[in-house]
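This report concerns only the one structure given below.
The values are calculated or read from the model by the stated rules, or taken from the named source; none is laboratory data. A quick note: this is a predicted structure, and the numbers were derived from the prediction, not measured. Positions of Cβ are backbone-derived with ideal geometry, glycine not excepted, and every protein chain shown enters the neighbour counts.
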C-alpha cells in the first residue's frame, strides 16, 4: 500500500502527468457544461430573457411548435435570429427550430414567395404564421395569433360619426384596432341602413356615435340583443344617439353631466373633466388587473333594476369623483340638488345572461376616448381595452396577455441626471480639454 502511494506521488510530480490531468478535467468540465447549463441574465433591461407576455403566449400553445427560418448561413442577421429563437426554445421543450438556406431550394422559395431578406415560418398544427421582422415583438404576436382556434370577428357600426378604425386623428382608433388585428381579431365596418338582420355570431361595436340612430337602426340592435348577440358600446357624456331603448333593454342608465375627479388633478392632469380609476371588480375581465386607467370626459353609469341580466361594475370612479352638470368653469364642487351623483359609481359595466343556448355578453363604457390614439398608451388603458374585447369575444385565455413593446425604446432621465449630463458635456469636458490644450501651449511656448 505504501509502495502504491509512493509511485502515485512520483507520477504527480511528473509534468506530463499534470498536463494530462489538467486536460482531462477540462474535457470533463466541457462535457458537463454541454449537458447541464445555467443561464442568468444580469443586464439591466433583461435583454437576454423573454418578456412575461412572450412566456405567457408560449404557454397557450400546448402542442409542438416548429419554427422554420429561411435565411442564408452567410447572412449577417443569422446570429441575431438564432439568439432570439433560442430564448423561446429554452422556455418550451417541444419547440423545434429548422434553418433552411434559400439558395439550396429556389423552387420552394418561389412557391412560398419568400422575401429576398428571408422569412420565418411558425407552424402549429395546421396553422401557420409568417414574419419577416426579427424581433421579440413580432414573434410573440405571431404566437398569439397561432394560439387562437378561431379569429373572432368584430363589426364596428358606421354612419353616425363614430370613431374611425383607420383614421389618422387622435380621436380615432387606429393604434388600438391595429393591435386587435395583430392579436387575431378580424375587424370590419357595418352600415345598418344596408342590413336587414345582424348575425349573432359576430361581435357588434358601437364606438361613440355623434348623431342620432334612426328608429329602424335601433330596432335592428334590439332584435340582435333579443337573439343573444354580443355587444360592446362606448358612449360619451351628453350623447344624443337615440339609443334610450337600448339603455332600457340592458337595464343601464347614463348619468347626466361629465365626470369630474379631484384624484386626477392630484396626478397633475390639467383638465377637470378627466377621471382616473384603480378600483376594479373581481371579474373575469379584470382579473389581476391593477394598473391605473385614465378616462377623458367620461359619463357615469347607473344600474337600473333588471332581473334578467347579471351586472358587474368593472371600473368605478373613486370617492373624489362626481358627475358635473354645470359649466366647467371656476371652482367646481359637488352640488347636492339631486342632479349630480357622487362617486363611487361605474364607468364601465359588464352584463351577462343566458340566451339562445349560450352566455350572452355586453360591455358598456361611459367613455370611448380611453382607447383612442391620444390616450391608448396612458397607464393601463390599452390593457383594459384588450381585456374588454377578449372577454366579450369569449376568448378568456388572452385576458391580461398584452402585445410586448420593444425594450429600451426610450431613455428616461430624472431632472438631476439631466443637469449632471448637461454640465458634464457642456462645461466639465470642454473645460478639461481647454485646460489641457492651454497647458501644452504654455509648455511649448516657455519650455
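Here are some notes:
- Contact map, segment 179-200: residues that are farther than 29 Å from residue 143 by Cα and outside the structural domain of residue 393 (by TED's automatic domain parsing) paired with residues that are at pLDDT below 90 and surrounded by 14 or more Cβ atoms within 10 Å (Cβ to Cβ), Cβ distance under 9 Å, separation 6+ or inter-chain. No pairs are found.
- Condition met for residue 364 (part of a strand (DSSP E or B) and touching a helix residue (DSSP H, G or I) at 6+ places or on another chain (Cβ under 7 Å)): yes
- Within segment 333-361, the set of residues being out of contact with any strand residue (DSSP E or B) (no Cβ under 6 Å at 6 or more places or on another chain), surrounded by 15 or more Cβ atoms within 10 Å (Cβ to Cβ) and in a loop (DSSP other than H, G, I, E, B) comprises 335, 345.
- Verdict on residue 157 being surrounded by fewer than 17 Cβ atoms within 10 Å (Cβ to Cβ) and in contact with a helix residue (DSSP H, G or I) (Cβ under 7 Å, 6 or more places away or on another chain): no
- Here residue 310 passes the criteria (1) free of Cβ contacts under 8 Å to residues at least 60 places away in the same chain; (2) touching a helix residue (DSSP H, G or I) at 6+ places or on another chain (Cβ under 6 Å) except the one numbered (2).
- Within segment 253-266, the set of residues being over 21 Å from residue 338 (Cβ atoms) and in contact with a strand residue (DSSP E or B) (Cβ under 6 Å, 6 or more places away or on another chain) comprises 263, 264.
- When 298, 313 are screened for being assigned to a loop (DSSP other than H, G, I, E, B), modelled with pLDDT of 90 or more and surrounded by 13 or more Cβ atoms within 10 Å (Cβ to Cβ), only 298 passes.
- Filter result (surrounded by 13 or more Cβ atoms within 10 Å (Cβ to Cβ) and either assigned to a loop (DSSP other than H, G, I, E, B) or not assigned by TED's automatic domain parsing to the domain that holds residue 64 (or both)) within segment 93-107: 101, 105
- Restricted to strands (runs of 3 or more DSSP E) entirely inside segment 206-265, those with at least 3 residues that are surrounded by 15 or more Cβ atoms within 10 Å (Cβ to Cβ) are 230-234, 258-261.
- Residues of segment 30-37 include none that is exposed (fewer than 10 other Cβ atoms within 10 Å of the Cβ), farther than 30 Å from residue 126 by Cα and modelled with pLDDT of 70 or more.
- Members of segment 266-275 found to be more than 24 Å from residue 363 (Cα to Cα) and in a strand (DSSP E or B), listed by number: none
- Members of segment 57-87 found to be in a helix (DSSP H, G or I) and over 18 Å from residue 132 (Cβ atoms), listed by number: 57, 58, 59, 86, 87
- Just one of the listed residues (90, 110) is modelled with pLDDT of 85 or more, farther than 24 Å from residue 140 by Cβ and assigned to a helix (DSSP H, G or I), and it is 110.
- Qualifying residue in segment 170-177 (condition: in contact (Cβ under 8 Å) with a residue 40 or more places away in the chain, surrounded by 20 or more Cβ atoms within 10 Å (Cβ to Cβ) and touching a strand residue (DSSP E or B) at 6+ places or on another chain (Cβ under 8 Å)): yes
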